[in-house]
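Beneath this line is the structure, given in structure tokens, with notes to follow.
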Amino acid sequence: MRFFRRRDRERVDSPAAGDVEPPDDQPDAADDADADDDAWASAAHEDTDEDALWRDRATAVIPGGASTGSKRPEALYGEAGAGPAHYTRARGCELVTASGLKLVDCTMALGAVALGYAEEAVTQHVIGAVAAGNVSGLSHTLEVEVAERLCDAIPCAEGVRFLKTGAEAVAAAVRIARTATGRSTVVGSGYFGWLDWWTDAPGVPPSARERYRHVPWGDVAALEEAVDAAGDDLAAIILEPVVERLPDAGWIAAARAACDRRGAVLIFDEIKTGFRLRRGGYMEAAEVLPDLATFGKAMANGFPLAAVVGRGAIMDAARRTWISSTLAGEATALAAATAVLDWHDERDVCAELATIGAAMRGGVSEAIERSGVAGVEMAGIDPMWLLRWDDPARQTRFQELALAEGVLFKRGAYNFAAIAHDERAVLAIERAASAALVRLREEERE
Ligand SMILES: Cc1ncc(COP(=O)(O)O)c(C=O)c1O
């Protein structure tokens, strides 16, 4: 908890302390800070013990301390898990922790939010949906409207089924593919959520995933080998197309060709890339289209909505199997998606995310270079980037020091750009990284 004790830790835009070398061509963020800007967080009080209290209460009743794996204290801050794990308010790209610390958030709820927290249009749409009755004995008209708009926006989409989580959408895509082909074996590469059909997590019976073959990302030979091994039983190839970088076109083409040759279904998992890399996901940049694709995360800017979309002839198999969830068509998340779709109609949101992400990672990369700290490198792509450290203990210390400077970086996974990361936030991120790295360098010298 030593990182909470800094005397000068008051505002996220405070000039960096110590011998941090701020970039000299940038405006001083403190100069143009709007006096009213902190009002939304004014009820917050800084009591650093509060964060520890909430962590303790959480671990007492929630195994692991959080229901989302990446939000467990251990996942956020390493083994000791000593950092704020709970928030009370979030707006734009900032959150207020349980103790009242205001942080610039680079994690953006694991990429679920691409516009910003509590974004005005999304909030208004959701409030409207709540007031009008979130659910009833019939489907809401929004379900139809959003499905139609997804079919317009996503190149491979002629039909849509909604679900609540990415894991569900991917499981649904696999079930649709198996139903459509009447076969069982699935070859896959990527992360597909927590459900049994593909993971080897403790508690999953081997039989649940015995018709699944995992292959390394980007490896054409391994893909071909798994396809050959599947023989006439190949139902689908499912790929997470973008993992830290865009895939080689040859890998994607090999998957498409294998599916065509074998009469199998090609699925792209666009949970992270949809409405972020491109509105319609990686497939918009690809030379071939998948038959099915899954979307979630940024599609509803933090509201629980996921979808499996795809060619009409394949999606039709959803009628012949059973994919259903009581709240799949509840209106709030669909209303949020409407606002997101409006944003994308009005602006090139994904181009803006790429520009903002480039500024974020550029600033952090420069901070790394200026500090002279070795053993950390920048990875990923502009809208989703990450820091790779040579040593978990150094990563933890960097994280602590950056928190003391008012910025939450993601440990070991992506930081995500949002429209709400304005110039001031980008500057705060660079300054925090710079201060943390310089401090780390000093500590390691001592
Ligand atoms: C590519 C991909 N697929 C599926 C999932 C699972 O989504 P969810 O966590 O919403 O179930 C994720 C989550 O990070 C993901 O990144």
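A few remarks follow.
- Residue satisfying all of: in the range 59-70; within 16 Å of the ligand (Cβ to nearest atom), hydroxyl-bearing (S, T, Y) and free of Cβ contacts under 8 Å to residues at least 60 places away in the same chain; nearest to E430 (Cα to Cα) among these: T68
- Counted residues, the range 284-298 - those being part of a helix (DSSP H, G or I) and more than 14 Å from D152 (Cα to Cα): 2
For every residue, the table says whether it meets (1) in a helix (DSSP H, G or I); (2) outside the structural domain of A300 (by TED's automatic domain parsing); (3) surrounded by 18 or more Cβ atoms within 10 Å (Cβ to Cβ).
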{"site": "V364", "(1), (2), (3)": "yes, yes, yes"}
{"site": "R370", "(1), (2), (3)": "yes, yes, no"}
{"site": "G380", "(1), (2), (3)": "no, yes, yes"}
{"site": "F398", "(1), (2), (3)": "yes, yes, yes"}
{"site": "G412", "(1), (2), (3)": "no, yes, no"}
{"site": "I419", "(1), (2), (3)": "no, yes, yes"}
{"site": "I429", "(1), (2), (3)": "yes, yes, yes"}
{"site": "A432", "(1), (2), (3)": "yes, yes, yes"}
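The rows are residues; the columns are (1) among the aromatic types (F, W, Y); (2) part of a helix (DSSP H, G or I); (3) within 26 Å of G182 (Cβ to Cβ).
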site	(1), (2), (3)
D228	no, yes, yes
D232	no, yes, yes
I237	no, no, yes
R256	no, yes, yes
C259	no, yes, yes
F268	yes, no, yes
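Yes/no per residue for (1) within 18 Å of I271 (Cα to Cα); (2) in contact (Cβ under 8 Å) with a residue 24 or more places away in the chain:
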site	(1), (2)
G188	yes, yes
Y191	yes, yes
W194	yes, yes
A201	no, no
R211	no, yes
V220	no, yes
E225	no, no
D228	no, no
A235	no, yes
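- Filter pass, T321 being outside any helix (DSSP H, G or I), in the same structural domain as P241 (by TED's automatic domain parsing) and among the hydroxyl-bearing types (S, T, Y): yes
- Each residue in the range 85-101 was checked for being surrounded by fewer than 23 Cβ atoms within 10 Å (Cβ to Cβ), of a type outside the set (A, V, I, L, M, F, W, C) and touching a helix residue (DSSP H, G or I) at 6+ places or on another chain (Cβ under 7 Å), and 4 of them qualify.
- Looking across the range 254-300, the residues that are charged (D, E, K, R) and away from the ligand (no atom under 16 Å from the Cβ) come down to R256, D260, R261, R262, R279, E284, E287, D291.
- Screening V174, V122, V130, V170 for residues that are away from the ligand (no atom under 16 Å from the Cβ), of a type in the set (V, I, T) and in contact with a Phe, Trp or Tyr (Cβ under 8 Å, 6 or more places away or on another chain) leaves exactly one candidate, V122.
- R262 of a type in the set (K, R), without any contact (Cβ under 8 Å) to a residue 60 or more places away in the chain and touching a helix residue (DSSP H, G or I) at 6+ places or on another chain (Cβ under 9 Å): yes
Here's the yes/no breakdown for (1) free of Cβ contacts under 8 Å to residues at least 12 places away in the same chain; (2) out of contact with any Lys or Arg (no Cβ under 7 Å at 6 or more places or on another chain); (3) more than 20 Å from M108 (Cβ to Cβ):
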{"site": "D316", "(1), (2), (3)": "no, yes, yes"}
{"site": "S325", "(1), (2), (3)": "no, no, yes"}
{"site": "A331", "(1), (2), (3)": "no, yes, yes"}
{"site": "L341", "(1), (2), (3)": "no, no, no"}
{"site": "D345", "(1), (2), (3)": "yes, yes, yes"}
{"site": "M360", "(1), (2), (3)": "no, yes, no"}
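- Members of the range 71-113 found to be out of contact with any Lys or Arg (no Cβ under 8 Å at 6 or more places or on another chain), within 15 Å of the ligand (Cβ to nearest atom) and not in a loop (DSSP other than H, G, I, E, B), listed by number: K71, M108, A109
- Qualifying positions in the range 195-226 - of a type in the set (A, V, I, L, M) and either part of a strand (DSSP E or B) or out of contact with any Lys or Arg (no Cβ under 7 Å at 6 or more places or on another chain) (or both): L195, A201, V204, A208, V215, V220, A221, A222, L223
- Among the numbered conditions (1) closer than 30 Å to A285 by Cα; (2) surrounded by fewer than 14 Cβ atoms within 10 Å (Cβ to Cβ); (3) of a type in the set (V, I, T), the only one that I127 does not meet is (1).
- Among the conditions (1) touching a residue at least 60 places away in the same chain (Cβ under 8 Å); (2) of a type in the set (S, T, Y); (3) in contact with a helix residue (DSSP H, G or I) (Cβ under 6 Å, 6 or more places away or on another chain), T107 misses just one, which is (3).
- Matching residues, the range 198-216, being surrounded by 19 or more Cβ atoms within 10 Å (Cβ to Cβ) and either within 14 Å of the ligand (Cβ to nearest atom) or on the phi > 0 side of the Ramachandran plot (or both): W198
- Evaluation of S325 against (1) under 24 Å from F416 (Cα atoms); (2) within 14 Å of the ligand (Cβ to nearest atom) (one fails), failing number: (1)
- Screening the candidates L195, L150 for the property of being at pLDDT 95 or above and within 13 Å of the ligand (Cβ to nearest atom) yields one hit, L195.
- Members of the range 114-131 that are closer than 22 Å to E50 by Cβ and in a loop (DSSP other than H, G, I, E, B): A118
- Odd one out for V170, checked against (1) part of a helix (DSSP H, G or I); (2) in contact with a helix residue (DSSP H, G or I) (Cβ under 9 Å, 6 or more places away or on another chain); (3) of a type in the set (V, I, T): (2)
The values are calculated or read from the model by the stated rules, or taken from the named source; none is laboratory data. Nothing here was measured: the structure is a model prediction, and the numbers come from that model. Cβ sites come from the backbone with ideal geometry, for glycine too, and all protein chains shown count toward neighbours.
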